[in-house]
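The values are calculated or read from the model by the stated rules, or taken from the named source; none is laboratory data. In this text, all values refer to a predicted model and were calculated from it rather than measured experimentally. No Cβ is skipped: glycine too gets one built from the backbone with ideal geometry, and neighbour counts run over all protein chains shown. Ligands, DNA and RNA are stripped out before the accessible areas are found, and what is left, the full protein with its side chains, is counted by its heavy atoms. Shrake-Rupley method; radii C 1.70, N 1.55, O 1.52, S 1.80 Å.
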Amino acid sequence: NATSTTAHTLLSTHQRLQLRVNDQVRQQAPLESMIWSVPEIVSHLSQFFRLQPGDLIMTGTPSGVGSINVGDTVSITCGDDIPPCEFTIGPPEES
């Protein structure tokens, strides 16, 4: 039997969403400061898109916005129970 874990069971509203660029904290805020909860956002988007494990949902931003550049390393974390999302910005794709 596979165990199903939902965003609702993983995410407490007291957990902090944090964005680091090149190991510097750029943004940090508790989930409770979001206008809509994570389950509400997922439910709404699921009406229009087929969401799958690994999909990222970009919702806007708290203070601390700044540009990112080719070569920057980005790390996004949310609490301790979800693995961080980490990636490096690459050059634009040629069409």
(request) Test GLU40 against the stated conditions and say whether it is out of contact with any strand residue (DSSP E or B) (no Cβ under 6 Å at 6 or more places or on another chain), part of a helix (DSSP H, G or I), modelled with pLDDT under 90 and open to solvent by 70 Å² or more (accessible area, probe 1.4 Å). (result) no
(message) So MET58 passes all but one of these: (1) within 12 Å of the chain's Cα centre (by Cα); (2) farther than 13 Å from GLN27 by Cα; (3) free of Cβ contacts under 8 Å to residues at least 60 places away in the same chain; (4) open to solvent by less than 70 Å² (accessible area, probe 1.4 Å). Which condition number does it fail?
(response) (4)
(message) Of the conditions (1) without any contact (Cβ under 8 Å) to a residue 24 or more places away in the chain; (2) surrounded by 11 or more Cβ atoms within 10 Å (Cβ to Cβ), GLN47 satisfies every one except a single condition; which number is it?
(response) (2)
(request) Evaluate the following for ILE82: is it in contact with a Gly (Cβ under 7 Å, 6 or more places away or on another chain) and either open to solvent by less than 80 Å² (accessible area, probe 1.4 Å) or on the phi > 0 side of the Ramachandran plot (or both)? (result) no
